[in-house]
Amino acid sequence: MKTDILSCGIGTLTDKITGMGEQKFRARQIYEWLHIRKVYTFIEMSNIPLSFRTKLSDEFYINSINIIRKLESCIDNTVKYLYEYNDGNHTETVLMNYNHGNSLCVSTQIGCKMGCRFCASAIKGFERNLTPSEMLLQVYETERESGRHADSIVLMGIGEPLENFDNVTEFLKLISDENGRNMSLRHVSLSTCGLADKIYELAGYRFGLTLSVSLHAVTDEKRSQLMPVNKSYNIQELLKACRYYIEKTGRRISFEYAVISGVNDSDSDAAGMIGLLRGINCHVNLIPVNKIKERDYRADRKALMSFSDKLSKGGLNVTVRRTLGADINAACGQLRREYEVKKKSL
């Protein structure tokens, strides 16, 4: 069985290349072709002897993805891609433009098993984890096709990154490798719905990334209704893991909060959040809940801003996320679901 060469770190690749009887420097040449020049085939590696390129193609394969649909916003510079992998599965990637540069929202799984009530990604269920190369290709192909450099990455697309822990940590090592893409992990955010055990494990890596934790409610009863994961890791367990992460890494945590009109935006919700997060080195990111066909959740802009003011007055550091790509349904999960429903009906 051939090895996915794009998922190999430089150390692993060097071991495999020397194991084939070649010199170490060949591994660095190959790594540069893959991660800097981003070639599609071994035949393009012109400074590698032809006989060795043939051997490489016998032992390895270079993974690839195809663009099935591309939506470009007429409002801002947001671009949404629907990608297809070699097994016919699909995922989404969103390229957004902010004042600080281009940010790329990358998916980590095909579907999601977390079942959050307000999320389009969870409706179709879970198919499989993405490999490191399949996450990398979302970055490489988007940059190649758009001609835009991704200044930051958010692992906030389809899937729960910490459910795919080993592949995600390998992706982070690959994207930050100085021999390849060399992205500082301080420009990477990882979003989790709150797998407390994995937060402890992630802290041990000290990656320097921003951990974004989906809170979305301030009582266990309400959070369990919105996010089934709360039945496994309740709010106090989650916050304990977050405090450990901050202590271990020295990094501030971002708490994501999808504001749903009439559900989690009351005065008592604001007071509850102030009580929960006071004293924690954190930032609160309020998100107007995305509209999806299967749910009647809505965000009221006036109520959202009032909620934000209450949190600020309570001493929390708060921002309201800018809504980008509203005219192309840029929230993750919607394009994939619509495409696959349409495909089945044909």
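Just so it is clear, none of the values below were taken in a lab; they were calculated from the coordinates. Everything quoted here is computed from the prediction, not taken from an experiment. Heads up, the Cβs are rebuilt from the backbone with ideal geometry, glycines too, and the neighbour counts pull from every protein chain shown.
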Exercise. Find which of 139, 63, 21 sits farthest along the positive direction of the dipole of the chain, computed with +1 on the beta-carbon of Lys and Arg, -1 on that of Asp and Glu, about the Cα centre.
Key: 139
Exercise. Report the equivalent ellipsoid semi-axes for region 141-193 in whole Å, largest first, defined as the square roots of five times the eigenvalues of the gyration tensor built from alpha carbon atoms.
Key: 19, 14, 10
Quiz item: So, in nm, how far is label residue 248 from label residue 224 when the simple model puts each one 7 Å beyond its Cα toward the Cβ?
Solution: 2.7 nm
Self-check item: Hull volume in cubic angstrom per residue (convex hull over the Cα atoms of region 1-133)
Solution: 162 Å³
Quiz item: Dipole magnitude of the chain about its Cα centre, charges +1 at Lys/Arg Cβ and -1 at Asp/Glu Cβ only, in debye to the nearest 20?
Solution: 420 debye
Practice problem: Taking 7 Å along the Cα-to-C-beta vector as the label spot, tell me the residue 197-residue 313 distance in nanometres, rounded to one decimal. | Solution: 4.3 nm
Quiz item: Taking 0.36 nm per intervening residue step and subtracting the Cα-Cα distance, what contour gain separates residue 50 from residue 4 on full extension?
Solution: 14.5 nm
Quiz item: Three principal axis extents, largest first, for the C-alpha atoms of region 3-61, in Å?
Solution: 23, 22, 19
Quiz prompt | FRET efficiency, residue 99 to residue 59 (Cβ-Cβ, R0 35 Å, nearest 0.05) | solution = 0.15
Exercise. Quote the relative contact order of region 163-220 in percent (integer), defining contacts as alpha-carbon pairs under 8 Å separated by 6+ residues.
Key: 32 percent
Practice problem: Could you grab the relative contact order for region 3-61? Cα pairs under 8 Å, six or more apart, rounded to a whole percent. | Solution: 35 percent
Self-check item: Extension gain, residue 232 back to residue 72 (0.36 nm per residue minus Cα-Cα distance, nm)
Solution: 53.7 nm
Exercise. Lys and Arg at +1, Asp and Glu at -1: add these up for the other residues within a Cβ distance under 9 Å of residue 59 and post the number.
Key: +2
Quiz prompt | Rounded tilt (10° steps) of 267-277 against the dominant C-alpha axis of the chain | solution = 50 degrees
Quiz item: Given R₀ = 35 Å, FRET efficiency for residue 267-residue 145 by Cβ-Cβ distance, to 0.05?
Solution: 0.15
Exercise. Mind checking the full-extension length gain between residue 40 and residue 278? Use 0.36 nm per residue of separation minus the Cα-Cα distance, one decimal, nm.
Key: 80.6 nm
Quiz item: Does a label point 7 Å from the Cα of residue 322, set along Cα-to-beta-carbon, have any residues of region 53-87 with amide nitrogen under 20 Å, and which are they?
Solution: 71-81
Quiz item: Using only Cα atoms, what is the ratio of the radius of gyration of region 66-345 to 2.2 N^0.38 Å?
Solution: 0.96
Quiz prompt | Set 113/240; 2/24; 240/313; 173/240; 173/222; 16/80 screened for pairs whose C-alpha atoms are more than 31 Å apart | solution = 173/222; 16/80
